[in-house]
Amino acid sequence: MGLSRTSVEDNFPRVSKEDVTVVLCTLNEEDAIGKVIDDLFSHGYSNILVVDGYSKDRTREIAESKGVKVVMQINSGKGGAVITAINKVDTNFIAFMDADGTYSASDLDRLLYHAPDYVEVIGKRCKRGIRTLHRFGNWVINKLFAMAFSEDVGDVLSGMYILKTEIAKKLDLRSNGFEIEVEIASQMARFGKIAYVPISYGERIGKTKLSSFRDGLKIVLYLFKMMRFQNPLVFYAIVAGIFIVPGLISLSYAFILYILTGIYHNGYALMGAILTIVGVQGTLVAGLSSMLKRIEKLLLTSNVSVK
């Protein structure tokens with residue numbers, strides 16, 4: 001659900017900034033971390049938690065000199081840092097923001113304004129700040145996410161988003177890479193609505209850690225993995241289509257060949273029948289899975305208050 005920018009967000013804050021912890025997940029960000037923390041302080045954010053992935057530069061030293069809390073992450077990768085943060089935070093809201101200087105604390109105000117009404121609010125990055133190849137990859141991943149989970153979250157890979165802490169602590173997060181945002185959004189969608197607002201996006205300070213093709217492919221594959229568990233209806237419908245379409249083609253070919261020539265190809269007919277039966281079974285599983293997921297979501301949302 002997309003939400004537009006208005007000046008009301010800046011003039012009438014609905015949530016105290018003391019009620020949100022801003023998390024900066026870091027790994028060798030000495031060039032940017034000080035500027036990012038100063039930016040947050042200048043916009044009234046005092047609860048700042050730096051979760052460090054064992055940086056080999058002065059990241060931790062600089063963060064500590066600014067007076068913010070620094071903890072070392074458990075597990076590995078960005079996913080490990082996010083899990084560490086969720087376990088540590090006790091404010092009502094938890095905001096994640098990349099520590100590379102690409103995001104502005106002023107945009108965080110816009111997300112916080114809408115935070116009481118949604119389980120997650122995502123900052124949708126402006127296109128002009130993203131390189132063409134990354135822009136195309138993001139478009140593909142966002143479309144796949146919308147198809148898989150029937151939820152348009154605007155920019156699922158955005159590094160700026162706010163979660164309701166109570167719900168975030170219920171998540172069963174397993175990933176350890178850049179796909180962590182996909183996993184979070186797919187699970188948060190089970191508990192309620194997700195919204196997004198437009199934000200700015202600038203050049204990162206320091207060396208990039210994201211490999212365009214390798215990490216993009218990993219995220220796409222992870223999407224299908226999450227689809228199997230979070231939205232089995234779509235997953236098994238795709239599987240059913242993979243089997244049914246060639247099965248029907250094979251059966252049709254055998255039937256037409258028999259009508260035209262009188263020759264009956266047992267092989268094509270048998271292969272077509274097997275593929276079609278498997279596809280039909282996949283369709284039945286998809287329907288059953290859809291019913292079970294609806295029941296699960298009703299049970300989850302009945303125990304979670306969005307307001």
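The values are calculated or read from the model by the stated rules, or taken from the named source; none is laboratory data. Because the structure is a prediction, the values reported are computed rather than measured. Neighbour counts run over all protein chains shown; Cβ positions are idealised from the backbone, glycine included. In case anyone asks, the SASA skips ligands and DNA or RNA and just uses the protein heavy atoms, side chains included. Shrake-Rupley method; radii C 1.70, N 1.55, O 1.52, S 1.80 Å.
For this structure, a couple of remarks:
- Of the residues 46, 83, 105, the one whose Cα sits farthest towards the positive end of the charge dipole of region 43-135 is 105 (charges of +1 on Lys and Arg Cβ, -1 on Asp and Glu Cβ, taken about the Cα centre).
- In a reduced charge model with +1 at each Lys and Arg Cβ and -1 at each Asp and Glu Cβ, region 141-198 shows a dipole moment near 200 debye about its Cα centre.
- Formal net charge of residues neighbouring residue 169 (Cβ-Cβ distance under 12 Å; K, R +1; D, E -1): 0
- At a probe radius of 1.4 angstrom, the accessible area of region 34-149 per residue rounds to 44 square angstrom.
- Peptides ranked, highest mean first, by Cβ atoms within 10 Å: ranges 50-63, 268-281, 154-167: 154-167, 50-63, 268-281
- Environment charge of residue 185, counting only residues whose C-beta is closer than 9 Å and scoring Lys/Arg +1, Asp/Glu -1: -4
- Interchain or long-range residues, amide H under 5 Å from residue 30's placed H: 58, 59
- Cα centroid of region 156-203 to Cα centroid of region 246-265, whole Å: 50
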